[in-house]
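Scroll down for the structure; my scribbles are underneath it.
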Amino acid sequence: MLKVENLFKQYTSEDGTPGGGVLGASFDVANGELFTLLGPSGCGKTTTLRSIAGLEQPQGGLISLMDTVLYDADKRVNIPMYERDIGMVFQSYAIWPHMNVYENAAYPLKVSKGKRLSSSEMREKVRHVLELVGLEDYIERPSTQLSGGQQQRLALARALTREPGLLLLDEPLSNLDAQLREQMRSELKRLQRETGVTAIYVTHDQSEALAISDRIAVMNDGLIMQIGSPKDIYERPTSEFVANFIGTTNLLRGALNADIKAGNEAPVETPLGKLQCTFTADVSATPTVGVVIRPENIVIAKIGDDKAAALPAINRCDGALLTETYLGEIVEYEVSVGEETVLIRTKPTESLAPQDAVTLHFPIPQTLALIEKST
Amino acid sequence: MTTPNRTVNNGFLSRSRLKNLFGISPIVVVLASILLVLIMPAVIFLFQSSLHETQFDGSFGAFTFQYYVDLITNDQFLNNLTNATIYAVGSAAVAISIGVLLAWIVERTNTPGGSWVLIISIISLGIPSVLYTISFLMLLGKVGPVNEILMWITGAEDPLLDVYSLWGMIIIEGIEFAPLSYLLLSSVFRSNDASFEEASMMSGAGILQTFRNITFRLAQPAILALLILIFIRAFESFETPALVGLPGNVSVITTDIYESIDEVPANYGQAGAFSVVLLFIVGGLLIWYNRLSRNAEKYQTITGKGFRPRVMDLGKWRWLTGAILALLFMIIIGFPIGIVLWVSMVPYYDGVSLEALKLFTFDNYRTVFNSRSFHDSIGNTVIMGAAAASIVAPFTALCAWLTVRRYKGAWILDQLATSPLIFPAIVMGVAFLQVFLNMPFGLYGTLLSIILASMVRYLPYGMRYSYAGILQIHTELEEASSMSGARQTTTFLRIVMPLVAPAMVTCWLFVFLVSVKAVSIPILLAGPKSQVVAITLFDMWENGITNELAAMGATWTGFMTIISLIFYMLAKRYGLSVR
């Protein structure tokens, strides 16, 4: 549906040194999919989005939407933004203050090329899309009297009135307060499902990305680090960056003696001893392989308990409990093992206290060995 | 200011032996009294003069409505009122068309060379209005290059354009106000979030459609307010009507006032009546303007967090907009300055031609530099500007501080200090003329009289800068001083003054620049010993001493441009809006 190949756009900072941008991103978005570009600020996600929109002219690569080539550096094709079949929701909403709700939403129908609608058809269409976002009671209201959440809905309605082939959302929830953000998040997802519109969503908020997306592309320094479903990205990161950026994780440095292919298991020498790890990507022998495991995947037990005795002998180490932090639905423990401190999260069912001697088990499928970066 | 002025203990002098007057700080009472003494006599004498016959010694005679009756019964008055209206509307239209174009190109597009436009603002603040108007008369006059070119193109025998007409006045005044219009509009265009335009483009609208539907519409309230502002300024302007209109027999209200006083014997009553009428018209328009300009900001308040000052990529078209930019730059600054320099270098002005190049000489500069009256008028002008600025800057700083910190009754200082705004400069001149004529001691014709009138006239401008400067000082800086044990007076001197100093310097420079630029006040008040540059230039033009005028004007403009440049650098450095 949407195809982006080797997209390249580098900014030059004022002193002439190369700055941020996109340094060769490729991905495909399937019909009806909600695809998220996720990454820290300056990673190139917004540049990618604006290049697809046509608000930014790339320096290299190819962008095509369905059968239309929007941008092709080699053939010097660059369709102007207003001829692209794309709707966009801006971070600041960009609701025009001099138009009321109806006029804002109807604007794309009035100005875009293509078949002219009769005024009753237009009215019907706009009413429909405003109903979709729940603004049907505000049609004649001046847009300056809308709340943040209503402006957000109107921005979405405006982007949808033209029934575009692609919907772009540039950090649409970042201006809302926390509670409203969660509500709008699920509403956005519902609307996208209902209309079946293909959407690209840009955010730096990992929990938002996990909650809303069909697939996520994690970006860093202008490159795509990994593309996958939220579950994939969270559970099977292929690089240290992705593992660190999404959620909380324990990171250990280890040595690997052999070249291992993705999908296999192999032992890695770590400060906690030898750990049997799963490989999500090909890794060559190196003295500095990263070993990551999420805090909730580590099993903790008090030495001498029945639970400790029942743990497998492999991937085990003993340590002393340093702190216990009670967070309600979970408890966080910090355990010192030799020089290292390991973070563990469990349900608050264990009866552990600081100073306790504990034993830890790292289940093999969740103990991942990763290289620092992968593309 | 997040916490605007909690209760301020009106300390400053209030704990001194002077007892509070209804809880109003004595300093406020003192300042308000000074302002009243400065402003009230002018108002009273203006109204009195329009309602009394004037005797030979300048004092008032019998009460009469005659001057107002004369106005109403005279056809000429209605005619001149119409002239003034057409002239003001036309000037505003010209100024705003140029301003919108300039502001849009510079602020909203990626046209090259936009930063050069700042030069327009700098020079236009330095050049005396008289000289600017004269430069256009040189360009558009019978022997001017514009007529030469038109004759060459059309093959006509005689000059095609007669600049001494209503349209000539409109063009010249419109161009003169273009920099102001650009300055105000550029801040409007700059503060609009680029995503308003991007959202329109993403809706399928092209560049022109987006400009018309979004950019222009968002700026519309501001443009309307600006239209009124320039209308007022043109309506009350004197230089262009006097230099362009009078020779072409086009009169407006301000020239009527001037002529009533210039005739022998001076008809003070008539001038007074004209002035009162003008005062009411301008006052009414200003009220309307204030309402509109409050309205003008309503679109500028909603911008989200993701504000990006992005500009529109025009692609190849940016070379066209670049060319338009260059042309406008030449029209507003390049050609006027060029012609003044040209005329200053030739022995006599007979159009621009290659032959004249051979005659190039510095004689005019030599004559001017050796002339006693040139030295005198420069000296007078500098003293006049510096004195007015030196009084206005600290005085308004104190008034603004008391107002911003909500001292009890201080709002009246703000009202009084900004009230002279409704006085057109020429009316201010007439009013002070009456005051000085009726003074027991001889102030009339002295430099001090010009200083006093200019000072009152430019109080509102000073107030605006001081106010903006004081607003930037957070209350807590002063509270910290009080908590350190400083008295209010100490706090003002040790904390407020140093912090507000940059604003005061910019305020000083601005008042200096605008007071030496104008001709309306000194033309009515100056005597033989208190000539100022603007008047000298005006007289030289009337007497046909064109080349020396150009040399003197060019030299003076050079100096003023340097001061204007310093003003701009300071204003930018300290984040004060430049208006």
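The values are calculated or read from the model by the stated rules, or taken from the named source; none is laboratory data. In this text the structure is predicted, and so the values were computed from the model without any measurement. So basically every Cβ, Gly included, is an ideal-geometry build from the backbone, and we count neighbours across all protein chains shown.
Taking the condition farther than 17 Å from residue B:456 by Cβ and either under 21 Å from the mean Cα position of the chain (by Cα) or small (Gly, Ala, Ser) (or both), does residue B:410 pass?
yes
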- Task: Just one of (1) buried (at least 23 other Cβ atoms within 10 Å of the Cβ); (2) among the hydrophobic types (A, V, I, L, M, F, W, C); (3) at pLDDT below 90 trips up residue B:152, so point out which.
- Result: (1)
- Query: Has segment B:341-348 got at least one residue that is assigned by TED's automatic domain parsing to the domain that holds residue B:189 and under 30 Å from residue B:458 (Cβ atoms)?
  - Reply: yes
- Item | Filter result (part of a loop (DSSP other than H, G, I, E, B), within 13 Å of chain B (Cβ to nearest Cβ) and either among the polar types (S, T, N, Q) or in contact (Cβ under 8 Å) with a residue 40 or more places away in the chain (or both)) within segment A:27-57 | A:41, A:56, A:57
- Selection over segment A:59-76 where residues are at pLDDT 90 or above and within 21 Å of residue B:203 (Cα to Cα) yields a count of 8
- Query: Tally time: how many residues in segment B:522-578 are in a loop (DSSP other than H, G, I, E, B) and without any contact (Cβ under 8 Å) to a residue 40 or more places away in the chain?
  - Reply: 3
- Of the residues that make up segment B:166-188, is at least one in contact with a strand residue (DSSP E or B) (Cβ under 7 Å, 6 or more places away or on another chain), in a helix (DSSP H, G or I), of a type outside the set (Val, Ile, Thr) and more than 18 Å from residue B:81 (Cα to Cα)? no
- Task: Count, please, the residues in segment A:101-135 that happen to be outside any loop (DSSP other than H, G, I, E, B) and either surrounded by 19 or more Cβ atoms within 10 Å (Cβ to Cβ) or within 12 Å of another protein chain (Cβ to nearest Cβ) (or both).
- Result: 14
- Mind telling me which of the residues B:161, B:150 ends up being within 28 Å of residue B:320 (Cβ to Cβ), of a type outside the set (Ser, Thr, Tyr), in the same structural domain as residue B:354 (by TED's automatic domain parsing) and touching a Pro at 6+ places or on another chain (Cβ under 9 Å)? B:150
- For segment A:58-89, what are the residues that are within 14 Å of another protein chain (Cβ to nearest Cβ), assigned to a loop (DSSP other than H, G, I, E, B), surrounded by 16 or more Cβ atoms within 10 Å (Cβ to Cβ) and not acidic (Asp, Glu)? A:58, A:79, A:84
- Task: Working only within segment A:335-375, note down all residues that are in contact (Cβ under 8 Å) with a residue 40 or more places away in the chain, more than 30 Å from residue A:264 (Cβ to Cβ) and assigned to a strand (DSSP E or B).
- Result: A:357, A:358
- Message: Let me confirm something: among B:418, B:361, which residue is in a loop (DSSP other than H, G, I, E, B), surrounded by fewer than 19 Cβ atoms within 10 Å (Cβ to Cβ) and of a type in the set (Val, Ile, Thr)?
- Response: B:361
- Message: Cβ-Cβ distance below 8 Å, separation of 6 or more or different chains: which pairs start in segment B:80-101 with a residue that is more than 19 Å from residue B:258 (Cβ to Cβ) and end on one that is surrounded by fewer than 21 Cβ atoms within 10 Å (Cβ to Cβ) and of a type outside the set (A, V, I, L, M)?
- Response: B:90/B:167; B:100/B:216
- Task: Please specify each residue of segment A:77-127 satisfying the condition of being free of Cβ contacts under 8 Å to residues at least 60 places away in the same chain and among the polar types (S, T, N, Q).
- Result: A:78, A:100, A:104, A:112, A:118, A:119, A:120
- Item | Residue pairs meeting the criteria (Cβ under 8 Å; at least 6 apart or on separate chains; first buried (at least 22 other Cβ atoms within 10 Å of the Cβ), in segment A:286-298; second of a type in the set (Lys, Arg) and not in a loop (DSSP other than H, G, I, E, B)) | A:289/A:253; A:290/A:253; A:291/A:253
